[in-house]
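The values are calculated or read from the model by the stated rules, or taken from the named source; none is laboratory data. In this text, all values refer to a predicted model and were calculated from it rather than measured experimentally. Glycine also receives a Cβ, built like all others from the backbone with ideal geometry; neighbour counts cover every protein chain displayed.
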Amino acid sequence: MPDRSNASEPRGDEPPRGADRALVRRPAEPLAARAEHLVILHEPERMNLLGLLMRGLLAANLEDPELRARALRLRAGIHVRAGDMHVTLRFAEDGVHITAGAEASNARVSGDMKALLGVVTGAGMIGPVLRGRVRIGGNPFLLLRVLPLIRARAVHPSLPPAEESQ
Amino acid sequence: MKAALAAIVGADAVLDAPLDLAPYREDYCEADPVDPTLVVFATKTEEVQAIVKLCAERRTPITPRVAGSNVGGLALPAPGGLVLDLTRMNRIVSVDEADMYAVIEPGVTQADLKRHLVEHDIPLTFGFSLAPPDTSVLANCLLGGLTNRSLKYGDQSQWVSGLEVVLADGSLVRTGSWALSDSAFGLVPFPDVSGLFLGWQATTGIATRMAFQLWPRHRLNKRLFVLTYSAHGTFEAVRRLCRTELCDDIGGLSWPSAKMMMGVKHPFPEPATGEPTFFLYVDLTAGSEAEMSLKEGALDHTLADVRRLGERIEEPLDVATLLRVNPALGAFAEFPVELEFLTNHGGGGLTWIGTYGPLSRFEDGIAAGTEIMVRHGFPPLIVTRPMRGGHYGVLRFVAIFDKKDAAEIERVKQLNLELLEMVTAKGFVMYKTPPWAWEKLRGRIDPGLLALMERTKRMLDPLGILNPGKLGY
């Protein structure tokens, strides 16, 4: 298989090998501008759809100083499974690393795609868990701490009213 | 020539400086650039007539162009020829709300017409191609392009209800009911000669106005994404949904498109473990909540039937939900849209083998096309859509490339050549056929058709000045 370079691959100096940061973090940058770089996607060209969706969610949420501080305080691994797609979120000192596959984790959450999207868009966790559409494992308190970090926060401003969208 | 053109349109409407001509020498695709000698802007039909007449007198090739967003080199000039830029002929002449048609000039873009309908509170709409918002509506109709309403109404040439065309001698013709009536309601009942200009890539005449059909804009509109895991499951669902006659559109995109939209410029050519391989976006419209609910129920029911065949298909996801999760997916929230991952990716190159063909053969075509694209090192970016109620569909293999990389251009040419061979062998027919592909297909096209086309061309453009180099002329 050809080894195609990816334009969003790291530029070379600071980020871990195989990880994706659009820019190298610099101390003088304002915090908000750094949020996107705190989400580190490993092997972006091979990342599954779930991982890419998680990156978008985390990058948006980490713009919020409070959520960013909360994320940077966490030291844990979360395994997320949607259907047959797996990713592991590792909360570390330098940001949130997203890796495809199931790696060692402290907590797990799984379900079908629609149910998991429901959780992150505000349907809550308890109902889907009780109905068996979402399953959790490991440390539930950890999941409760992580949930705000992966919850979609607002409707995107580009979303038009339904009648204008055709 | 420059002075003669300036006498028709004014000196400021004629360009000859190399810097001004540069944008006209290429489009998105891999076709070799061609320098025009001049570019001339027209603002009205009479000017087009005079320009064409002048070109005929001087045997100067003339190529009409609007946005230049073609991916087949169809608006590239012939060597020694001039480009007729029609962007300034951008009037929406009229919208007949009662009889549901619009009369527009070639420079009217998708964005222009949509804005006009919305701003004037006209409860009608049309269809949008996946081309950028500044793309000409008329050009897409003339070339038989598709839109997000092609499932219901077919390719856009089928929406044309009248044409005003400047012929190669500068004379003018009107087709359809327009030839007699002040209403361009349709191409019936006279003998229809619109076909002399539809699909001919401006080699038989230059359309200066077009009447085309608009459709009711419903109060409610919902776009739902359906994630699927096999080509068979995908197109079994598509075929069944077509027969419900409830969907406005069932667009399909293969897995690389979502990744590219979310910032991965060159996804690995094979899908990741366990991820969906196709994304259908299903448009439903309704006049009431009850009607929408019925349609959604029918969609769920149809998908459940396909699941019972052992196919894995996710439940429909509202585009609003996906947008909340990742705004990058907003490209599919509203049409027309500039798909930046295709048109603004740094390398600048975009090409495709776009075909119309039988829906029953889509799985076969996709399997073969995927193998070819992966073997050539390209992610299998595939676009599909059933058309005209499901009687046929579009199957398109898309590749982006670096226009500055000669080796990659060569690779793209090889890719397209192999894809063309494959789709043709399977009964698909390439639309907006670029010159190189026409030459490859010529030997397999019915000789009777080719002979009739040749006679038609000679009759309508005996001097061969109209967009030379296209369709083998």
Q: Determine whether residue B:179 is of a type in the set (A, V, I, L, M), buried (at least 21 other Cβ atoms within 10 Å of the Cβ), away from chain A (no Cβ under 14 Å) and out of contact with any Pro (no Cβ under 9 Å at 6 or more places or on another chain).
A: no
Q: Go through segment B:29-52 and count every residue that is within 24 Å of residue B:104 (Cβ to Cβ) and either of a type in the set (Gly, Ala, Ser) or surrounded by fewer than 24 Cβ atoms within 10 Å (Cβ to Cβ) (or both).
A: 10
Q: Can you work out which of the residues in segment B:90-144 that are without any contact (Cβ under 8 Å) to a residue 24 or more places away in the chain and part of a loop (DSSP other than H, G, I, E, B) is nearest to residue B:287 (Cα to Cα)?
A: B:121
Q.
I'd like to know if segment B:54-61 contains one or more residues that are in contact with a Cys (Cβ under 9 Å, 6 or more places away or on another chain) and more than 27 Å from residue B:111 (Cβ to Cβ).
A. yes
Q) Just checking, how many residues over segment B:146-163 are within 14 Å of chain A (Cβ to nearest Cβ) and either closer than 10 Å to residue B:388 by Cα or out of contact with any Leu (no Cβ under 9 Å at 6 or more places or on another chain) (or both)? A) 5
Q) Can you tell me which residues in segment B:265-320 are surrounded by 16 or more Cβ atoms within 10 Å (Cβ to Cβ), at pLDDT 95 or above and part of a helix (DSSP H, G or I)? A) B:291, B:292, B:295, B:296, B:298, B:299, B:302, B:303, B:306
Q) Mind checking which residues of segment B:266-281 are touching a residue at least 24 places away in the same chain (Cβ under 8 Å) and within 13 Å of chain A (Cβ to nearest Cβ)? A) B:266, B:267, B:268, B:269, B:270, B:276, B:277, B:278, B:279, B:281
Q.
Quick test of your reading of the structure: residue B:258 fulfils all but one of (1) closer than 26 Å to residue B:155 by Cα; (2) within 12 Å of chain A (Cβ to nearest Cβ); (3) surrounded by fewer than 22 Cβ atoms within 10 Å (Cβ to Cβ); (4) small (Gly, Ala, Ser). Name the failing condition by number.
A. (3)
Q. Looking at B:19, B:5, which one is closer than 30 Å to residue B:342 by Cβ and among the hydrophobic types (A, V, I, L, M, F, W, C)?
A. B:19
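Listed here are the residues, each with its yes/no results for (1) within 25 Å of the chain's Cα centre (by Cα); (2) more than 30 Å from residue B:365 (Cα to Cα).
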position: B:145; (1), (2): yes, no
position: B:157; (1), (2): yes, no
position: B:189; (1), (2): no, yes
position: B:196; (1), (2): yes, yes
position: B:217; (1), (2): yes, yes
position: B:233; (1), (2): no, no
position: B:239; (1), (2): yes, no
position: B:249; (1), (2): yes, no
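Here is a yes/no grid of residues against (1) over 30 Å from residue B:426 (Cα atoms); (2) within 27 Å of the chain's Cα centre (by Cα); (3) among the acidic types (Asp, Glu):
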| residue | (1), (2), (3) |
| --- | --- |
| B:309 | no, no, no |
| B:315 | yes, no, yes |
| B:329 | yes, yes, no |
| B:347 | yes, yes, no |
| B:359 | no, yes, no |
| B:362 | no, yes, no |
| B:378 | no, yes, no |
| B:382 | no, yes, no |
Q: Look at residue B:334 and say whether it is charged (D, E, K, R) and either closer than 19 Å to residue B:231 by Cα or outside any loop (DSSP other than H, G, I, E, B) (or both).
A: no
Q) Limited to segment B:321-376, what total is found for residues that are of a type outside the set (A, V, I, L, M), within 14 Å of chain A (Cβ to nearest Cβ), farther than 26 Å from residue B:70 by Cβ and surrounded by fewer than 17 Cβ atoms within 10 Å (Cβ to Cβ)? A) 2
Q. Does segment B:220-230 contain at least one residue that is buried (at least 17 other Cβ atoms within 10 Å of the Cβ), part of a loop (DSSP other than H, G, I, E, B) and more than 14 Å from chain A (Cβ to nearest Cβ)?
A. no
(Q) If I ask for residues that are of a type in the set (Lys, Arg) and free of Cβ contacts under 8 Å to residues at least 24 places away in the same chain, which ones from segment A:100-115 would you list? (A) A:114
Q) Only one residue in B:154, B:170, B:186, B:162 is small (Gly, Ala, Ser) and without any contact (Cβ under 8 Å) to a residue 40 or more places away in the chain, so which one is that? A) B:186
Q) Quick check, is residue B:238 touching a residue at least 60 places away in the same chain (Cβ under 8 Å) and either in a helix (DSSP H, G or I) or not small (Gly, Ala, Ser) (or both)? A) yes
(Q) Name the residue that is farthest from residue B:32 (Cα to Cα), counting only residues in segment B:402-428 that are touching a residue at least 24 places away in the same chain (Cβ under 8 Å) and of a type in the set (Val, Ile, Thr). (A) B:423
(Q) One residue is enough: does segment B:461-472 have a residue meeting the conditions under 24 Å from residue B:79 (Cβ atoms) and either at pLDDT below 95 or of a type in the set (Phe, Trp, Tyr) (or both)? (A) yes
Q: Just name the residue that is nearest to residue B:233 (Cα to Cα) out of those in segment B:308-320 that are without any contact (Cβ under 8 Å) to a residue 60 or more places away in the chain and more than 12 Å from chain A (Cβ to nearest Cβ).
A: B:310
Q: Could you check how many residues of segment B:111-126 are surrounded by 21 or more Cβ atoms within 10 Å (Cβ to Cβ) and either closer than 30 Å to residue B:60 by Cα or more than 19 Å from the chain's Cα centre (by Cα) (or both)?
A: 0
Q) So, of the residues in segment B:256-285 that are over 26 Å from the mean Cα position of the chain (by Cα) and among the hydrophobic types (A, V, I, L, M, F, W, C), which turns out to be nearest to residue B:344 (Cα to Cα)? A) B:268
**Q.** Pick from segment B:53-110, criterion of a type in the set (Lys, Arg) and over 16 Å from the mean Cα position of the chain (by Cα), ranking: surrounded by the fewest Cβ atoms within 10 Å (Cβ to Cβ)
**A.** B:59
(Q) Given the criteria away from every other protein chain (no Cβ under 11 Å) and surrounded by fewer than 21 Cβ atoms within 10 Å (Cβ to Cβ), does residue B:239 qualify? (A) yes
Q) Among B:52, B:71, B:83, which is closer than 23 Å to residue B:145 by Cα, touching a residue at least 40 places away in the same chain (Cβ under 8 Å) and out of contact with any helix residue (DSSP H, G or I) (no Cβ under 9 Å at 6 or more places or on another chain)? A) B:71
